[in-house]
Amino acid sequence: MTYQLDDVKYLDDPAKWPVLADKLRQAKEFGFDTETYGQEQKQSPQHRCRIHCWSVAWLAGPVTSRGFRRAMGVVLPRIALDSPHLREVFADRSIAKWAHNAPHDIHSTRNEGIEINGCQDSLQWYRVAFPGMKGYGLKQIAQWALGYNERPTFKDMIIYQDEVIKARGKNEKGCICGAKPCHQRGTKEFLDDDGLYKFHKRVEWRRFTPIHKMVESKYSVTDFSPERVLQPLVWRGITYDRFRAWLNYSVEDAIQGIEAVDFIRRHKYKEIKYPWGKYGFS
């Protein structure tokens, strides 16, 4: 199974932020996702996590055979949230924002001092609409509902193999003349390499040998920027550009999020007909 990298737009040009704001106003709804830092596992994001980059996506394509419209989206840096045009969009209650596990994205946005209104949680919709499924995470829903292939996880994005060099020490003994072993007495002289006569003398020293070892290391979320040189991502035996894969990972959460919303709205539920009638035996 090959993971495809798309040409994701990284919208870091301030001149394009008002254009994006107009696009989101016209769409009247969009998928929203944040990539955050500053929050440890099992900690609440409230007053803690901060946004490093974020993504938005809107429905733009025809209805697929699975019954949902395709979407397109972009990734933006944190500073784009300071655009007054985008701030107005986030504060506008008439524009629906869809996020999977929305409380996290709402808290992280408000932690940045941004007012966000009208944000709904698609995760809760899926738990009610499709009870009994194995998983309700967005990546799982993207597979069993939208038909997408498996893609790298957040853990895959940040983990890499790093080479470290450690020194292994060993105590050694010998004579300064260099002979191994040296059987000369300490009162006897020898001509050293520097042209001087010296007495044989037993000394002890510690020899260090460099040991090269590959260890598992982790990037922090803030390491993912165009200026940073990152090691390639190796996933399922195939090598990818890690920053491009990160942009792909970020925008897919917004794209598949809004597509999942369209899927649940268009889904045709089968009515269960019982032989004894709707309210009891007839």
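Candidates in region 226-265 are the residues that are in contact with a strand residue (DSSP E or B) (Cβ under 8 Å, 6 or more places away or on another chain) and among the small types (Gly, Ala, Ser); of these, the one that is farthest from residue 162 (Cα to Cα) is 257.
Cβ separations smaller than 6 Å between residues 6+ apart or across chains give the following pairs from region 143-164 residues that are part of a helix (DSSP H, G or I) to residues that are not aliphatic (A, V, I, L, M): 156/235; 157/246; 157/249; 158/218; 158/219. Of all the numbered requirements in (1) part of a loop (DSSP other than H, G, I, E, B); (2) modelled with pLDDT of 95 or more, residue 35 misses one, and that requirement is (1). Is it the case, given these coordinates, that residue 100 is in the same structural domain as residue 145 (by TED's automatic domain parsing), closer than 25 Å to residue 142 by Cβ and either in contact (Cβ under 8 Å) with a residue 24 or more places away in the chain or not basic (Lys, Arg) (or both)? Taking the combined requirement at face value, the residue satisfies it.
The residues of region 221-238 that are surrounded by 10 or more Cβ atoms within 10 Å (Cβ to Cβ) and of a type outside the set (D, E, K, R), listed by number, are 221, 222, 224, 225, 230, 231, 232, 233, 234, 235, 238. Of a type outside the set (A, V, I, L, M, F, W, C), touching a residue at least 24 places away in the same chain (Cβ under 8 Å), surrounded by fewer than 18 Cβ atoms within 10 Å (Cβ to Cβ) and part of a strand (DSSP E or B): does that describe residue 66? When the stated conditions are applied, residue 66 does not pass them. Note on region 254-281: residues that are modelled with pLDDT under 95 and crowded, with 17+ Cβ neighbours inside 10 Å amount to 1. Looking across 197, 160, one residue alone is aromatic (Phe, Trp, Tyr) and loosely packed, with under 10 Cβ neighbours inside 10 Å. It is 197.
The values are calculated or read from the model by the stated rules, or taken from the named source; none is laboratory data. What you are looking at is a predicted structure, and each value in this text was computed from that prediction instead of being measured. Cβ atoms come from the backbone with ideal geometry, glycine included; neighbour counts cover every protein chain shown.
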